[in-house]
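Below you'll find the structure, written out as structure tokens, and then a few comments.
Where a number appears in this text, it was derived from the coordinates with a stated rule and is not lab data. As the structure is a prediction and not an experimental result, all values here were calculated from the model. All Cβ positions, glycine included, derive from the backbone under ideal geometry; neighbour counts span all protein chains shown.
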Amino acid sequence: MNPTGLAVRFARAKEAAVFVLPLLAFLLVLYGMLAWTFYTSFADWEGTAPNYTFAGLKWYRFMVGLDRFWVDLGNNLRWLILGVAPTVVLALFIAYLLEIGAIKGIEAYLRTLVLYPAAMSFVVTGTIWSWMYQPDRGVLNTLLRAVGLDALASGYTTDPATATYWLILIFVWQYLGLGVLILQASFRSVELQEMVESAMLDGASRLRILFAVLIPNIRGGILVVVSLLLISALKVFDIVYVVTFGGPGYATDVLALFQFIATYQQHLVALGSGLAMVIFALAFIIIIPYTVYALQRWFE
Amino acid sequence: MKTRGAPLRALVLGTVAVLSVIYILPVYVMVVTSLKTPLEITQRHYLAPAGNLQFGNFATALRLVAPALLNSSVISVTVTALSVFIGGLGGYFLARFRWPVTKVIFVLLAIALYLPYQAVLIPLVRIMATTKLALTHFGLIFSYLILNVPLASILMATFFFSVPRELEESAQMDGASRLQIFFRIVSVVALPGYASTAILVFIQVWNEFLLALTLVTPYTTTIQVKLNDIKGSYVALYNLQMAAALITVLVPLTFFLFLGKYFIRGILAGALKG
């Protein structure tokens with residue numbers, strides 16, 4: 001490398017520094033705190049005062065010995081499956097209907113209709129749905145009884161056997177619109193539109209077009225939606241906190257809520273850090289395929 | 001893909017009808033209930049509009065949430081402005097300096113973008129407690145900045161990609177520095193991108209609950225934490241709960257209804273490219 005080349009490189013780096021340094025400073029703090037949590041999970045911090053004495057796997061052993069941990073993991077798994085699969089299928093169906101829609105004005109209406117909950121907080125939706133679900137005088141049961149469908153009235157989130165599913169339903173209600181939006185956008189590529197048109201000229205049925213042409217060609221869009229939903233379902237905290245606080249018993253408890261309670265109510269901070277690392281590890285697994293895909297798209 | 005047919009029309013109309021009920025019912029009930037008296041609510045005609053519109057419910061709810069509303073406004077506006085500014089700079093780096101190290105930064109950002117807050121919660125609370133920042137708005141502002149700058153950077157980068165390079169090249173030949181080009185040309189062209197990013201960050205910060213709850217002090221209670229308090233303390237007063245919920249959701253919902261275009265663009269930019 002000749003001196004001028006080096007000077008040019010140096011000038012470029014100096015130019016870039018102004019733009020990237022503030023961002024790097026924030027990333028450094030963020031990853032520093034992540035490392036801090038990681039270390040704390042191996043420390044012996046129990047109580048309000050910090051204790052960074054290394055304790056090895058002590059608190060991880062404690063964690064896996066807790067029934068509550070396994071109940072939570074099971075519930076998180078329910079969230080991951082039932083919060084995501086039905087949402088994606090429904091979103092795909094609605095997005096396709098919008099595409100072939102045929103009725104003027106309906107697209108804008110339907111999109112706003114399913115998307116507005118995306119702007120609301122889980123605390124607000126949790127407050128509304130708590131009242132919808134209230135078993136004695138709540139909205140749903142009152143309406144069902146009013147039309148003579150008493151048999152359908154249920155305990156919703158107060159019934160330990162089904163409580164989690166009713167919470168997941170709130171999540172699906174809130175996130176469906178995002179799925180529709182993203183999937184519909186991924187239908188819109190020019191090449192895909194041309195493929196659909198030629199398939200229609202060949203006389204393929206609409207259902208065939210959906211499964212043979214559209215779905216295989218929007219794998220990117222589906223990956224994005226699935227990743228987004230998986231990560232949101234994994235992180236779920238607000239809905240559970242507001243509507244049931246994990247109850248009845250531990251029936252609706254999830255890792256994120258246990259993490260909060262272990263750390264700030266039971267002051268088992270090392271355990272809380274361990275639970276945080278479990279949540280992080282699951283999140284990490286979920287975003288790997290997504291990150292690889294995004295990286296390819298960005299740097300192709 | 002536009003075709004017509006009777007069975008298809010029926011299917012579309014049926015879907016629209018079902019979705020309308022599912023998506024309008026909760027909000028309709030929320031609005032109607034917020035205007036009723038507690039006595040009216042006990043009569044259980046939940047779908048009937050209020051006999052006498054009780055706007056007093058909103059006055060009462062507003063008195064309860066006013067300080068929290070102010071806290072949330074100060075925090076959300078500050079975080080949005082700073083995230084968009086720092087994210088703009090960072091996004092420009094990602095979009096225009098395509099070095100091998102940029103890939104590394106991108107991967108770090110992608111992970112940060114979806115990081116469960118729990119992973120940094122304990123150190124964050126520790127830092128805020130020892131520095132006493134938690135006692136002021138700066139505690140939450142700083143925390144939200146750390147978590148939203150990555151999102152703002154990625155979003156802004158996707159918007160900068162669509163700014164034509166020729167604009168920059170001609171300015172460069174006129175002797176403008178990179179920073180001048182960024183502020184006077186690129187940022188101006190990408191103003192709609194700034195709007196999208198700002199709306200997304202604002203809504204995310206306004207709606208955030210976990211950090212706000214963990215770092216809560218009497219001086220920094222946010223609107224979401226306050227609403228949860230109200231839900232807990234006015235258990236039977238659904239009219240007050242619903243009025244407070246409506247006030248809480250009013251700001252983000254207004255953004256969504258009137259600036260929906262930017263909101264949607266922001267989501268798509270984040271989803272399809274980042």
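Points worth noting:
- Relative to the longest principal axis of the Cα atoms of chain B, the long axis of helix B:238-258 makes an angle of roughly 30 degrees.
- Cβ-based exposure ranking for A:Leu115, B:Leu108, in which fewest neighbours within 10 Å come first: B:Leu108, A:Leu115
- In a fully extended conformation the segment linking A:Gln265 and A:Glu197 would gain 18.5 nm over its present Cα-Cα distance, using 0.36 nm per residue.
- Distance from segment A:172-220 to segment B:161-206 (C-alpha centre basis), Å: 33
- Selection among B:Ala244, B:Thr130, B:Phe263 by position relative to the dipole of chain B gives B:Phe263 as farthest towards the positive end (Cβ unit charges, Cα centre).
- Cα-based shape type of segment A:67-299, given that a ≥ b ≥ c are square roots of the gyration tensor eigenvalues and the cut on a/c is 1.5: oblate
- Distance between the 7 Å Cα→Cβ label points at A:Phe62 and B:Asn52: 5.8 nm.
- The string of couplings for segment A:186-200 from the Karplus curve (6.51, -1.76, 1.60, θ = phi - 60°) is 7, 5, 7, 5, 4, 4, 5, 4, 5, 4, 5, 4, 5, 5, 5 Hz, one whole number per residue in order, with x for Gly and Pro.
- Amide hydrogen neighbours beyond the local backbone of A:Ala43, cut-off 5 Å, H modeled: A:Ala55
- Excluding same-chain neighbours fewer than eight residues apart, the lysines reachable from B:Lys132 by a Cα-Cα span under 27 Å are B:Lys226.
- Calculated FRET value between B:Tyr219 and A:Lys104, using beta carbons and R₀ = 41 Å, to 0.05: 0.20
- A prolate overall shape is assigned to segment B:58-272, the ratio a/c of its alpha-carbon gyration tensor axes (a ≥ b ≥ c) being 1.5 or greater and a/b exceeding b/c.
- Residue-span extension gain [B:Leu191 to B:Thr130] - 0.36 nm each, minus C-alpha spacing: 18.1 nm
- Available extension along the chain between B:Gln172 and B:Ala59 is 35.0 nm, counting 0.36 nm per residue and deducting the alpha carbon span.
- In this structure, B:Val74 and A:Phe245 have a Cβ-Cβ separation that, at R0 = 35 Å, corresponds to a calculated FRET efficiency of about 0.75.
- Each of B:Leu257 and A:Arg297 was given a label point 7 Å from its Cα along the Cα-to-Cβ line. The distance between the two points is 3.2 nm.
- Helix-derived mean residue ellipticity, 222 nm - over the protein assembly as shown, DSSP H n ≥ 4, -39500 (n - 2.57), to 500: -24000 deg cm²/dmol
- Centre-to-centre separation between the Cα atoms of segment A:24-57 and those of segment B:27-101: 34 Å.
- Ordering A:Val123, A:Val64, A:Val196, A:Val226 by the number of other Cβ atoms within 10 Å of each residue's own Cβ, fewest first, gives A:Val64, A:Val226, A:Val196, A:Val123.
- Dipole magnitude of segment B:58-272, debye to nearest 20 (Cβ charges: Lys/Arg +1, Asp/Glu -1, about Cα centre): 200
- Within chain A: Cβ-based charge dipole about Cα centre, in debye rounded to nearest 20 (Lys, Arg +1; Asp, Glu -1): 420
- A straight Cα-to-Cα reach below 20 Å connects B:Lys231 with the aspartates and glutamates A:Asp136, A:Asp238, A:Asp253, B:Glu40, B:Glu208, residues fewer than 8 places away in its own chain not being considered.
- Between B:Ala17 and A:Thr4, the distance separating the two model label sites (each 7 Å from Cα on the Cα→Cβ line) works out to 7.8 nm.
- Reachable aspartates and glutamates, given that their alpha-carbon falls under 16 Å from the alpha-carbon of B:Lys261 and they are not under 8 places away in the same chain: A:Glu107
- Nearest 10 degrees, 0 to 90: helix B:6-34 Cα axis against chain B principal axis: 70
- Residue among B:Pro38, B:Pro26, B:Pro67 with the largest mean-square fluctuation in a Gaussian network model of chain B, springs linking Cα atoms under 10 Å: B:Pro26
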